[in-house]
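Q: So that we are looking at the same thing, I have put the structure below in C-alpha cells.
Computed from the coordinates by the stated procedures, all read-outs in this text should not be read as laboratory data. No experiment lies behind these values; they were computed from the predicted model shown. Cβ: placed from backbone, ideal geometry, glycine included. Neighbour counts: every protein chain shown.
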Amino acid sequence: MSTSAKSSSKKTKKPGLFRRLDICFPWLKLIAVCVIGLIILLDLLDFTISKTRDPYDKIKIAPMAKHVRVSERTLEGKKIVALTFDDGPSAETTPRLLDILYQKDAVATFFMLGSRARYNPDIVFRAVKDGHEVASHTMYHQNLARIPAGAIADDVNEAQAVFREILGQSAALSRPPYGSINDHVRAHIGTPMILWSVDTLDWKHKSTESIMGYTLDQVYDGAIILMHDIHPTSVDAVPTLIDTLRADGYEFATISELIAKRNITLVPGASYYGFAP
Ligand code: NI
C-alpha cells in the first residue's frame, strides 16, 4: 500500500482496529481473538478451581453466632447426652438433619466416612460451622479387626487426609466401624475411639417409636447415643428425640464438650462407651 493511498483512506474513513489489522496482517485478528478467548477461558478455569477448593463459598452457611457453645450456656445443672450420627455425610439426608439441629439449637457429633466426606465437603464444612463435631468413621467402613495392620493404617490415614483437606485438621476422635477393635486397631487408629452406650438400632427398625424406646430404656447422664444420618427415618426421629430428652432434663453436647465437662483426658487407642459423672 502506498503512502498516498494510506493518507487518502485516513481522510475519507478512519478504519477500526480490526480493519487496520486486516489490511496489514489478516491473521493478526485471528490471533487476537484466540488470545482474548484463552484469557477468558483461563479465568473461568481458575474461578472453577477456587470454588472447588473452598467449600465455604458454595453453600449457605448458618451464621456462626447462632450456636453459642452449649457448654458455656445450658449444661450447668443438666444431665448431658451426646447424639452421634454414623456413616454420613449424605447429600440426601444430612442437610435436613443439620436444619433440624439448627432449629432445635442442639449439637451432635458426626462420625463421617472419608469416602463420603470427600464428595460432600460442603456438608462437612457446614456441620463444623454449625457447632457440631466431625470425627472419623474411617475411609471405607471396613471391619478393621479383620484386615492386616498395614491396611488399617492405610484406611485410617486416607480418611484423615480427607478431613485435613476439607477442615484443615485431622479428626481428633474415631469410631471404628461395627465397634470392631483388636490390638492392631488400637495401635493404628491414632486417636481415642468413641463407641456408644445407647444403640438405637435405627438402621434396623426404621421408626421413631423404636428409636425412642431404645433411647429411653438405656439413656443416662453422660450417655452416647448411636444413630445413622443416612436413613431418612432416623432424621425424622430427631425432633421427638430432642424434645423428649430435654423434657427429661437432658442437654446436648458434642463428644469433646462432654469430655471437657467431665474433666477426662482421653488416650489414643483406648475405647470409651460413655462419660458418666
Ligand atoms: Ni458405621
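Q: Set the Förster distance to 22 Å, then compute FRET efficiency between Leu195 and Ala260 from the Cβ-Cβ distance, nearest 0.05. Working shown, then result.
A: Values: r = 19 Å, r/R0 = 0.86.
For Leu195 and Ala260, the calculated efficiency is 0.70.
Q: Determine the gain in length on full extension of the stretch His205-Asn157; use 0.36 nm per residue of separation and subtract their C-alpha separation, reporting nm with one decimal.
A: This chain segment gains 14.0 nm when fully extended.
Q: Under the rule of at least 5 residues apart or a separate chain, name every residue whose amide H is placed under 5 Å from the amide H of Ile80.
A: Gly222, Glu251
Q: Another one. What full-extension length gain, to one decimal in nm, is calculated for Thr233 and Gln142 as 0.36 nm per residue of separation minus the Cα-Cα distance?
A: Numbers: separation 91, 0.36 × 91 = 32.76 nm, distance 2.44 nm.
Extending this stretch completely gives an extra 30.3 nm.
Q: At Ile40 and Tyr178, where each label point lies 7 Å from the Cα along Cα→Cβ, what is the point-to-point distance in nanometres?
A: Reported label-point gap for Ile40 and Tyr178 is 5.7 nm.
Q: If you take the Cα Rg of segment 79-272 and divide it by 2.2 N^0.38 Å, with N the number of residues, what do you get? Mind showing how you got there, number by number?
A: Working: Rg = 15.6 Å, N = 194, 2.2 N^0.38 = 16.3 Å.
That ratio works out to 0.96.
Q: Quick check: pseudo-label points 7 Å beyond the Cα along Cα→Cβ at Val33 and Ala149, how many nm apart are they?
A: With each label placed 7 Å out from Cα toward Cβ, I get 6.6 nm.
Q: Same structure, new question: Could you work out how far the C-alpha centroid of segment 199-222 sits from that of segment 103-118, in angstrom?
A: Value for the Cα centre distance between the two parts: 19 Å.
Q: While we're looking at this one, here's another question. Between Thr191 and residues 5 or more places away or on another chain, which pairs have amide H atoms under 5 Å apart, with H built 1.01 Å from N, and which residues are they?
A: Here Gly269 satisfy the definition.
Q: Explain nothing, just compute: Karplus ³J(HN,Hα) = 6.51 cos²θ - 1.76 cosθ + 1.60, θ = phi - 60°, for every residue of segment 169-176 in order, whole Hz, x for Gly and Pro.
A: 7, 6, 6, 7, 10, 10, 9, x
Q: Next up: Stokes-Einstein diffusion coefficient for segment 189-277 at 20 °C in a medium of 1.002 mPa s, Rh from the Kirkwood formula over Cα pairs: what value in µm²/s? Numbers along the way, then the final one.
A: Details: Rh = 13.9 Å.
My calculation gives 155 µm²/s for D.
Q: I would also like to ask the following. Please list, ordered by chain and number, the residues whose modelled amide H lies under 5 Å from the amide H of Asp86; skip anything fewer than 5 residues away on the same chain.
A: Those lying under 5 Å, H to H, from Asp86 are Phe111, Met227, His228, Asp229.
Q: Mind sorting Trp196, Trp203, Trp27 by how few other Cβ atoms lie within 10 Å of their own Cβ, fewest first? Display every interim value, and only then the final one.
A: Working: Trp196 21, Trp203 16, Trp27 9.
In increasing order of surrounding Cβ atoms, one gets Trp27, Trp203, Trp196.
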